[in-house]
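Below is one structure, written out as structure tokens; the observations come after it.
The values are calculated or read from the model by the stated rules, or taken from the named source; none is laboratory data. What you see is a predicted model; the values in this text were computed from it and never measured. Cβ sites come from the backbone with ideal geometry, for glycine too, and all protein chains shown count toward neighbours. Please note that ligands, DNA and RNA were not included when accessible areas were found on the heavy atoms of the full protein model with its side chains. Shrake-Rupley method; radii C 1.70, N 1.55, O 1.52, S 1.80 Å.
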Amino acid sequence: TGGYTVGWCETPPSPTLTSSVPYVMGDVVDNFTLSDQYGQDVDLYSFCDRSVLIMSAAAWSSPDVVMAATLQSYQDAYRDDGLQIIVLLFSDAYGDPPDTSELMAFADGAGISDIPVLSDSSTTLVDSVFGAFEHDFYIPSLSFLDTDMTALSVDEMLSISELIDTHL
């Protein structure tokens, strides 16, 4: 298993939106459950006591792989400050949702050990969890959620360090 630090919301947030319309700053994000690189289901609200940085990416994109290779060092540096990083992969090299072996290959290639790398099997990007965090579909993109699952930043083209410095 991933060894993620998980909990559960004592009082689950009331989401602003329950559709996959892209979130904006101030929205309370709806819970989702997706499969990770170990084949386990991961709930977003398992991290509601932590700040969550979400990287939306594609397995085939070189810039996404390069950015992902930096994630574990951020997770290690800010874990005790309450940060949990999540990677949402929407596509393999053939345009299909990545399967477990592709998620694991992405994680291994990026040196990720305790960050969930998740796949959404939705048939279209618009209907996917990925689509809810994307405004322009340029990848990689980053979103940052507060401990109550309020979106503090959604696809603003900020760097990882800028997001952490601003919101953690």
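Details
- The condition (being among the charged types (D, E, K, R), closer than 20 Å to Leu163 by Cα and free of Cβ contacts under 8 Å to residues at least 24 places away in the same chain) is satisfied by just one residue among Asp81, Asp41, Asp76, Asp64: Asp76.
Residue-wise test of (1) under 13 Å from the mean Cα position of the chain (by Cα); (2) at pLDDT 95 or above.
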residue: Leu44; (1), (2): yes, no
residue: Phe47; (1), (2): yes, no
residue: Ser56; (1), (2): yes, no
residue: Trp60; (1), (2): no, no
residue: Ala68; (1), (2): yes, no
residue: Ala77; (1), (2): no, yes
residue: Ile85; (1), (2): yes, yes
residue: Tyr94; (1), (2): no, no
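- Qualifying strands (runs of 3 or more DSSP E) (wholly inside segment 30-120; at least 2 residues being touching a Ser or Thr at 6+ places or on another chain (Cβ under 6 Å)): 41-43, 51-57, 83-89
- Residues of segment 121-168 classified as among the charged types (D, E, K, R) and either at pLDDT 90 or above or not in a loop (DSSP other than H, G, I, E, B) (or both), total: 4
- As a summary of the residue check, Pro15 satisfies the conditions (1) under 19 Å from Ala132 (Cβ atoms); (2) not in a loop (DSSP other than H, G, I, E, B) except for the one numbered (2).
- Scanning segment 141-153 for residues that are under 17 Å from Phe47 (Cβ atoms) and open to solvent by less than 20 Å² (accessible area, probe 1.4 Å) returns Leu142, Ser143, Phe144, Leu145, Met149, Ala151, Ser153.
Okay, residues lined up against (1) closer than 23 Å to Met149 by Cβ; (2) in contact with a helix residue (DSSP H, G or I) (Cβ under 8 Å, 6 or more places away or on another chain):
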{"site": "Gln84", "(1), (2)": "yes, yes"}
{"site": "Ala93", "(1), (2)": "no, no"}
{"site": "Asp99", "(1), (2)": "no, no"}
{"site": "Phe106", "(1), (2)": "no, yes"}
{"site": "Ala110", "(1), (2)": "no, yes"}
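- Among (1) closer than 21 Å to Pro98 by Cβ; (2) of a type in the set (D, E, K, R); (3) open to solvent by 70 Å² or more (accessible area, probe 1.4 Å), the one test that Glu10 misses: (1)
- Cβ-Cβ distances below 8 Å connect the following pairs, each with a first residue in segment 86-102 that is acidic (Asp, Glu), a second residue that is open to solvent by 60 Å² or more (accessible area, probe 1.4 Å), and a separation of six or more residues or different chains: Asp92/Trp60; Asp92/Asp99.
- Given (1) surrounded by 14 or more Cβ atoms within 10 Å (Cβ to Cβ); (2) in a loop (DSSP other than H, G, I, E, B), number of the condition Val21 does not satisfy: (1)
- Any hit, segment 42-51, residues being among the basic types (Lys, Arg), out of contact with any Cys (no Cβ under 9 Å at 6 or more places or on another chain) and either crowded, with 21+ Cβ neighbours inside 10 Å or within 22 Å of Glu156 (Cβ to Cβ) (or both): yes
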